[in-house]
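Each remark here refers to the structure printed beneath this line.
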Amino acid sequence: VPTSKSKQVAAAPVDGEESVRMLRLMLTARVLEQRLAGAYADGKLSGWIHSCEGHEALGGALAVCFAEGDHLVPHYRSRPEQLAKGMTVREVVAEVFATVDAGSGGRGGETHVSSVTNRIYGMTGVLGANIALATGVGLASKLQKTDEVTVCTFGDGTSNRGTFHEALNLAAIWDLPVVFICENNYFAELSKISDFIRVENISDRAAAYGIPGYAVDGHDPEALVATLRPAFAEARLGRPCLVEAKMIRRRGHWEGDPQGYRDADEVAALGDHDPVPAYRARALETGFASEGEIAGWEEEAATEVDGAIEWAAGRPLIAAADAVRGVYAGELDV
Ligand SMILES: Cc1ncc(C[n+]2csc(CCOP(=O)(O)OP(=O)(O)O)c2C)c(N)n1
C-alpha cells in the first residue's frame with residue numbers, strides 16, 4: 001500500500017484520546033464484519049454481505065474528523081464510516097438485517113444503509129449515483145449558509161462512472177463543501193484495477209476539475225487524519241477535494257465469492273497488510289493503550305456485536321404492504 005503522495009503526513013496528527021477512539025472504532029468495525037460474515041454463512045441473514053475488512057482505518061479517522069452536523073453519503077462497503085458518523089452497532093445491524101427497527105423501516109438492507117437522524121443518506125443500487133447525491137447535499141449546505149461538510153465514499157471502479165466526473169466538476173465550480181473519498185481497494189467485483197484504470201493515482205483525476213487530490217495510505221488512520229483534517233477545514237470554506245485512500249480488500253467482493261481471479265500468493269500475503277492488528281500494535285509501541293485495555297475493548301465490542309446480531313435475527317422484516325410506502329404519492333394495495 002503506497003503512502004501519501006501529494007501531502008506530507010504530520011508526525012502526530014491525533015492526541016491520545018483520539019487514538020483510543022480510532023482504535024476502538026476499528027476493533028468494533030472488524031468484529032462486526034467477522035460476525036456478519038458468520039451470520040450470513042449460517043443462513044441467519046438474507047441478501048448480501050460485502051465485507052469491509054481492510055477498510056476500517058478510514059472509519060477510525062473519520063470518527064475524529066466529523067463534526068456533529070456533517071453529512072455522509074456512503075457506498076455499500078462503508079460500515080466503518082457509518083459507525084464513525086454516529087450509528088450504533090445495533091442501528092447498523094438492524095439495517096443490514098432489514099428489520100422493521102431499521103431507520104428505513106426495513107426497506108434498505110446491507111447495500112442501502114441510511115440513517116437520517118445521523119445525516120447518513122443511503123445509496124441506491126446504481127453505483128456512483130451517491131456521488132451526485134453528495135454534491136446535492138453540499139449545494140443544500142451552501143444555500144443554507146451552514147458550515148457542514150458532506151463526505152462521499154465510493155470505490156475505485158465507481159470512479160469511472162460519469163456521475164463521478166459530473167459531480168466533482170459541479171462541486172468545483174460551485175465551491176461546495178464536499179470531501180470525496182475514493183476507497184481504492186484495487187478491485188471492482190471480479191476485475192483488477194489494472195484492467196480498468198490507467199492512471200497511477202485516482203486522486204490525480206482531481207486536477208481535471210481544478211481541485212486538490214490526495215493519495216494516502218488507507219490502512220493508516222493517523223495518515224488519514226493528517227490528510228482529512230485539513231481537507232475538512234478547506235471544505236468548510238467551500239473548497240472541495242478528492243482523497244484516495246489506498247487499501248486492500250481482504251475478502252471477496254461478496255461473502256461466498258470464490259475469488260478464482262485472485263492469485264494464491266496474494267491471498268496468502270493478506271495477513272501482512274491488515275490495518276487493525278497494525279494499529280493495535282502501534283498502540284502498544286507508542287503506549288497510548290495497554291494490552292489489558294485493548295483486550296477489554298475487544299471483549300466489549302464482541303459482546304455488543306453478538307448481542308445486536310442475536311437481537312436482529314429475532315426481529316420481524318417489513319410487511320409487504322409497508323415496503324412500498326413512501327415510494328409513491330398515493331397508497332398502493334399490495
Ligand atoms: C452503474 C452500476 N454498474 C454496475 C453495477 C454492479 N456492481 C455492483 S458492485 C460493483 C463493483 C464496484 O467496484 P468498486 O467501485 O471498486 O467498489 P468495491 O466493491 O471495490 O468497494 C459492480 C460493478 C452497479 N451496481 N451499478
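Name the residue, out of 114, 191, 141, that is among the polar types (S, T, N, Q) and within 15 Å of the chain's Cα centre (by Cα).
Only one candidate passes the filter, namely 114.
Identify all residues within the range 188-229 that are within 16 Å of the ligand (Cβ to nearest atom), surrounded by 21 or more Cβ atoms within 10 Å (Cβ to Cβ) and in a strand (DSSP E or B); write none if there are none.
Result: 215, single match.
What number of residues within the range 285-309 are surrounded by 13 or more Cβ atoms within 10 Å (Cβ to Cβ) and either in a helix (DSSP H, G or I) or among the hydroxyl-bearing types (Ser, Thr, Tyr) (or both)?
Total satisfying the criteria: 13.
Take the range 101-110 and flag every residue that is away from the ligand (no atom under 16 Å from the Cβ) and without any contact (Cβ under 8 Å) to a residue 60 or more places away in the chain.
102, 103, 104
Looking at residue 64, is it crowded, with 21+ Cβ neighbours inside 10 Å, of a type in the set (A, V, I, L, M, F, W, C) and within 16 Å of the ligand (Cβ to nearest atom)?
For residue 64, the condition - crowded, with 21+ Cβ neighbours inside 10 Å, of a type in the set (A, V, I, L, M, F, W, C) and within 16 Å of the ligand (Cβ to nearest atom) - is not met.
Any residue at all in the range 93-101 that's under 9 Å from the mean Cα position of the chain (by Cα) and hydroxyl-bearing (Ser, Thr, Tyr)?
Checking the range 93-101: not a single residue is under 9 Å from the mean Cα position of the chain (by Cα) and hydroxyl-bearing (Ser, Thr, Tyr).
With respect to residue 25, is the statement that it is surrounded by 15 or more Cβ atoms within 10 Å (Cβ to Cβ), more than 16 Å from the ligand (Cβ to nearest atom) and assigned to a helix (DSSP H, G or I) true?
yes
Give the residue that is farthest from residue 59 (Cα to Cα), with candidates limited to residues of the range 148-167 that are of a type outside the set (S, T, N, Q) and more than 15 Å from the ligand (Cβ to nearest atom).
148
Give the range 30-54 a look and list any residue that's within 15 Å of the ligand (Cβ to nearest atom) and in a helix (DSSP H, G or I), or say none.
Within the range 30-54, just 33 meets the criteria.
Of all residues in the range 121-167 being modelled with pLDDT of 95 or more and of a type in the set (Ser, Thr, Tyr), which is surrounded by the most Cβ atoms within 10 Å (Cβ to Cβ)?
Checked the range 121-167; the qualifying residue surrounded by the most Cβ atoms within 10 Å (Cβ to Cβ) is 153.
Test each condition in (1) at pLDDT below 95; (2) of a type in the set (A, V, I, L, M, F, W, C); (3) part of a helix (DSSP H, G or I) for residue 12 and report the one that comes out false.
Status for residue 12: all satisfied but (3).
Search the range 168-187 for residues being in a helix (DSSP H, G or I) and surrounded by fewer than 24 Cβ atoms within 10 Å (Cβ to Cβ), and hand back the single one that is farthest from the ligand (Cβ to nearest atom).
Within the range 168-187, the match that is farthest from the ligand (Cβ to nearest atom) is 173.
Does residue 196 meet the test of being in contact (Cβ under 8 Å) with a residue 12 or more places away in the chain, out of contact with any Phe, Trp or Tyr (no Cβ under 7 Å at 6 or more places or on another chain) and closer than 30 Å to residue 260 by Cβ?
yes
Cβ contacts < 6 Å: first residue under 17 Å from residue 51 (Cα atoms), restricted to the range 248-276; second residue of a type in the set (Lys, Arg) and more than 14 Å from the ligand (Cβ to nearest atom), any location; separation 6+ or different chain. Result?
Every condition considered, the pairs that remain are 276/30.
Taking the range 260-284, which residues are part of a loop (DSSP other than H, G, I, E, B) and not charged (D, E, K, R)?
260, 261, 273
Six or more apart or on different chains, Cβ under 6 Å: which pairs go from a residue in the range 63-76 that's farther than 19 Å from residue 227 by Cα to one that's part of a loop (DSSP other than H, G, I, E, B) and within 16 Å of the ligand (Cβ to nearest atom)? Could you list them?
Short answer, once both residue conditions are applied: 75/123; 76/50.
Restricting attention to the range 111-123, does a residue exist that is of a type in the set (D, E, K, R) and more than 11 Å from the ligand (Cβ to nearest atom)?
Checking the range 111-123: at least one residue is of a type in the set (D, E, K, R) and more than 11 Å from the ligand (Cβ to nearest atom).
The values are calculated or read from the model by the stated rules, or taken from the named source; none is laboratory data. Just so it is clear, the model here is predicted, and its values are computed rather than measured. All Cβ positions, glycine included, derive from the backbone under ideal geometry; neighbour counts span all protein chains shown.
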